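A.B. asks: Below: one structure in structure tokens.
The values are calculated or read from the model by the stated rules, or taken from the named source; none is laboratory data. These numbers come from a predicted model, not from an experiment. Reconstructed Cβ throughout: ideal geometry from the backbone, glycine too, with neighbour counts over all protein chains shown. Ligands, DNA and RNA are excluded from the accessible area calculation, which covers all protein heavy atoms including side chains. Shrake-Rupley method; radii C 1.70, N 1.55, O 1.52, S 1.80 Å.
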Amino acid sequence: MDSVIEALPKFWDGFTTTLFLAVVSGVLSLVFGTILATFRVSPLKSLRIVGATLVEIGRNTPLTLVFIFFVFILPSMGYILPLGRVPAIIALTVYTSAFVCEAVRSGINSVNVGQAEAARAIGLGSNQTLSLVVLPQALRTVVPPLINVLIALTKNTSVAAGFAVVELTATGRGLARDYPPDVIWMLLGVAFFYLVITIPSGTLAGYIERKVVFSR
Amino acid sequence: MEHSGSATAANSRLGKPLVELKGVNKHFGELHVLKDIDLTVRRGEVLVVIGPSGSGKSTLCRAINRLETIDDGTIHIDGQLLPEEGKGLAQLRADVGMVFQSFNLFAHKTVLQNVMLGPIKARGLKTAAAKEEAMGLLDRVGVANQSHKMPAQLSGGQQQRVAIARALAMRPKVMLFDEPTSALDPEMINEVLDVMVQLASEGMTMVVVTHEMGFARKAAHRVVFMDDGLIVEEAEPEKFFTDPTSERAQDFLSKILTH
Ligand SMILES: Nc1ncnc2c1ncn2[C@@H]1O[C@H](COP(=O)(O)OP(=O)(O)OP(=O)(O)O)[C@@H](O)[C@H]1O
Ligand SMILES: [Mg+2]
């Protein structure tokens, strides 16, 4: 137990790295995922095809493979990325954007078509219809599934441990090696720090949900 | 070019063609929903479209602002061919107001914001000007005191009057109404019809799908009877309701009158 206290600074480093990966990839995924979703409901067929293709690739490729692509394959093709966090963030974003896209898209589909028709009928273009009328309403139904996607992302950051990023899981592995009698405590410490991120996210989700679903 | 008093007397005072459909056809898969429709609505005219369920009234109405595409034929609004898509279409839609059976007020915006959105975003009006005009319109349809509520907090009749104000805020050349009162409780129908009668008396060009005979008699210049995708009969309201020519119209009227 004392060794856990002793290892706290290392836990903290791992924790902040995991938080950094989760927050940066999370924000990027929300942005790109939403853009992808607008592609998928675009009146232009070419955009719909691009959107669907990217989503299927992101959604159906194991995350480890996505990491391998950005950490090993892309550099071997001559596209050198700085090692460590950057390829990890790219891989997590590519993967998570696909899930964000699908959550946002189902939110868009949950908005009554009459809303979009009324928007078009007063002369709004298709981008305005989407951004002013459909998306704001879609966000309401989309918050709970999105938080699930972000919680999954937080846990998925652990894949980066296999690719030279010392985040929580990698830290835990190192500590377990350094303090063999306390393996259980070290792993519980790791789990605790993940919960520090995911449980407040869930609570926040509940709060936002109550806040935005006020009328219809 | 305002008209007042009896619709018949006003007919001769109607203006130039504002909405012109020529040879319009529309299919939903195998189903032929609009069959070679020719129809002209003149400036200041109030046209009532009537007919059995599934006859194509909504489709006709929605084709006029291209919420429904057509297979062939042409639709002109104020002399301009209806653009197929893009900015041109959006601009033209801004000139054509539409009121839906199910109101379709923007659920995430207040009553006032509902009315201001189009003028600000599609016409580029300043917020202050849009607000002043919106309040004027809400006052005109009798819901100014509800302006800060969300649509869901209003009764159906109030929501539909807001929807009319939202359409009017674009200063449309023509207003389309697709069964504006058929989703309403009976006691709210008249408050909406009153607003529409008022609008008609101010000279607004209107295409109204409705079975409200009272409205047709009071405000319409012409009734068009549709059945099975065809315009079967056209007549002045009085003539249509008392002495319809076609068998199909007689049959239809006998059904709705016995209710
Ligand atoms: N989006 C659609 N896809 C397929 N068929 C449709 C669609 N919209 C309408 N229809 C069909 O087209 C026909 C005409 O429909 P429309 O809504 O224009 O009739 P209507 O005269 O407005 O009827 P109602 O009085 O019931 O509103 C109907 O048979 C309807 O089932
Ligand atoms: Mg209809």
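A.B. asks: Which lysines have a Cα lying under 24 Å from the Cα of B:Lys131, excluding residues fewer than 8 positions away in the same chain?
C.D. replies: B:Lys109, B:Lys121, B:Lys149, B:Lys173
A.B. asks: What are the extents of the Cα atoms of chain A along their three principal axes, in Å, largest first?
C.D. replies: Answer, in whole Å and largest first: 69, 47, 22 Å.
A.B. asks: Return the loop-located chymotrypsin sites (Phe, Trp or Tyr not before Pro) in the range A:21-98 (DSSP other than H, G, I, E, B) with at most 13 other Cβ atoms within 10 Å of their own Cβ; answer none if there are none. Numbers along the way, then the final one.
C.D. replies: Details: sites: A:Phe32, A:Phe39, A:Phe67, A:Phe69, A:Phe70, A:Phe72, A:Tyr79, A:Tyr95; in loops: A:Tyr79.
The qualifying sites are A:Tyr79.
A.B. asks: Rank these residues by their accessible area, most exposed first, probe 1.4 Å: B:Thr205, A:Thr169. It would help to have the intermediate numbers written out before the result.
C.D. replies: Values: B:Thr205 5, A:Thr169 40 Å².
Correct descending sequence by accessible area is A:Thr169, B:Thr205.
A.B. asks: Run a plain Debye calculation on the protein assembly as shown (Cα atoms as equal point scatterers, no solvent) and give log10 I(q)/I(0) at q = 0.08 Å⁻¹, rounded to two decimals, same order as the q list.
C.D. replies: Taking Cα atoms of the protein assembly as shown as identical point scatterers yields -0.62.
A.B. asks: A further question on this structure: Hey, can you rank B:180-192, A:150-162, B:23-35, B:95-107 by average C-beta count inside 10 Å, highest first? Can you show the working numbers first?
C.D. replies: On the way: B:180-192: 17.2, A:150-162: 20.7, B:23-35: 14.8, B:95-107: 23.0.
Result, highest mean Cβ count within 10 Å first: B:95-107, A:150-162, B:180-192, B:23-35.
A.B. asks: Just order B:70-82, B:52-64, B:157-169, B:136-148 by mean Cβ neighbour count inside 10 Å, highest at the front, would you? Write down the numbers at each step before the final one.
C.D. replies: On the way: B:70-82: 15.2, B:52-64: 20.1, B:157-169: 25.8, B:136-148: 17.5.
Ranking, from highest mean packing down: B:157-169, B:52-64, B:136-148, B:70-82.
A.B. asks: What is the helix-to-structure angle for A:8-40, meaning the angle in degrees between its Cα long axis and the longest Cα principal axis of chain A, kept from 0 to 90 and rounded to the nearest 10?
C.D. replies: Helix A:8-40 and the main axis of chain A meet at about 20 degrees.
A.B. asks: Charges on Cβ only, +1 for Lys and Arg, -1 for Asp and Glu, centred on the Cα centroid of the range A:2-215; of A:Leu150, A:Gly189, A:Val104, which one is farthest towards the dipole's positive end?
C.D. replies: After comparing all options, I get A:Val104.
A.B. asks: If you don't mind, there's one more thing I want to ask. Relative to the longest principal axis of the C-alpha atoms of chain B, give the angle of the C-alpha long axis of helix B:156-168, reported between 0 and 90° and rounded to the nearest 10°.
C.D. replies: 90
A.B. asks: On the protein heavy atoms, probe 1.4 angstrom, tell me the percent of accessible surface of the range A:20-128 carried by carbon and sulfur.
C.D. replies: On the way: 3700 of 5260 Å².
Of all accessible area on the range A:20-128, carbon and sulfur atoms account for 70 percent.
A.B. asks: Across peptide B:112-124, how many C-beta atoms of other chains are within 10 Å of each residue C-beta, on average? It would help to have the intermediate numbers written out before the result.
C.D. replies: Working: counts 0, 0, 2, 1, 0, 7, 7, 2, 1, 10, 6, 2, 0.
Across B:112-124, the average partner-chain Cβ count within 10 Å equals 3.
A.B. asks: Averaged across the residues of B:97-105, what count of C-beta atoms belonging to other chains lies within 10 Å of each residue's C-beta?
C.D. replies: Working: counts 3, 5, 2, 4, 1, 4, 2, 9, 3.
For peptide B:97-105, the averaged partner shielding equals 4.
A.B. asks: Between A:Ser29, A:Ser42, A:Ser131, where does the largest GNM mean-square fluctuation fall for chain A, given springs only between Cα atoms within less than 10 Å?
C.D. replies: Highest fluctuation of the listed residues: A:Ser131.
A.B. asks: Roughly how compact is the range B:1-143, stated as its Cα Rg over 2.2 N^0.38 Å to two decimals?
C.D. replies: For the range B:1-143, the normalised Cα radius of gyration comes out at 1.21.
A.B. asks: Compute the helix-to-body angle for A:45-60: its Cα long axis versus the longest principal axis of chain A, expressed 0 to 90° and rounded to tens.
C.D. replies: Computed tilt is about 20 degrees.
A.B. asks: Quick check: convex hull of the Cα atoms in chain B, volume per residue, rounded to a whole Å³? Don't jump to the answer; show the numbers that get you there.
C.D. replies: Working: hull volume 34.6 nm³, N = 259.
Residue-normalised Cα hull volume stands at 133 Å³.
A.B. asks: Related question: How well do other chains shield peptide B:85-96, expressed as the mean number of their Cβ atoms within 10 Å of each residue Cβ?
C.D. replies: The per-residue average across the peptide is 3.
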